[in-house]
Amino acid sequence: MKEKKSISDALELAEKTREEMKSLKAENDQILKQAKAERDEILKDAKSTATAMIDDAKNKSKEEAQKIVDAAKDSIRSEKAAAMAELKTHVAALSLEIAEKVVRTELSSDEKQKALANNLASDINMN
């Protein structure tokens, strides 16, 4: 009878152990499921953060590129204006040189100087 009780106790203990193992497995499965859900959430957040950082970097790069382009356009406009001013100065200087040469040629002889003086005098008398 003692043997039967011992066998019965062993079977009962085995059944309890099996139930506990089943319960532990269920708990482990639940913990694993929860851990996977947390991992998925962390990965989702990380991807979202990475995407936001990339988008922010792209936007900053575009803004910087636009600033560089605008600065280059301003510089080109300034250089163009300076070049035009310099060109006008050269044109004016050349015009003066040409006028000086024409006047010297026109006034190279006494006869031409007298004719010019007579024209100027008659113009003054008319006014």
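Give me the angle, in degrees from 0 to 90, between the Cα long axis of helix 110-126 and the longest principal axis of the Cα atoms of the chain, rounded to the nearest 10. Rounded to the nearest ten degrees, it is 80. Positive-end ranking of S48, S109, A14 along the dipole of the chain, with charges on Cβ about the Cα centre, is headed by A14.
Between the listed residues N119, L32, Q66, the Cα displaced farthest toward the positive end of the dipole of the chain, a dipole computed from Cβ unit charges relative to the Cα centre, is found at L32. About its Cα centre, the dipole of the chain is roughly 520 debye, where the only charges are +1 on Lys and Arg Cβ and -1 on Asp and Glu Cβ.
Charging the Cβ of each Asp and Glu at -1 and of each Lys and Arg at +1, and nothing else, the dipole of region 1-62 about its Cα centre rounds to 260 debye.
Counting only alpha carbon atoms, the long axis of helix 2-106 and the longest principal axis of the chain meet at about 0°.
Here, each number is a calculation from the coordinates, and none is a lab measurement. Only a predicted model underlies this, so the values are computations on that prediction, with no experimental measurement involved. Counting neighbours? That spans all protein chains shown, and the Cβs are built from the backbone with ideal geometry, glycine included.
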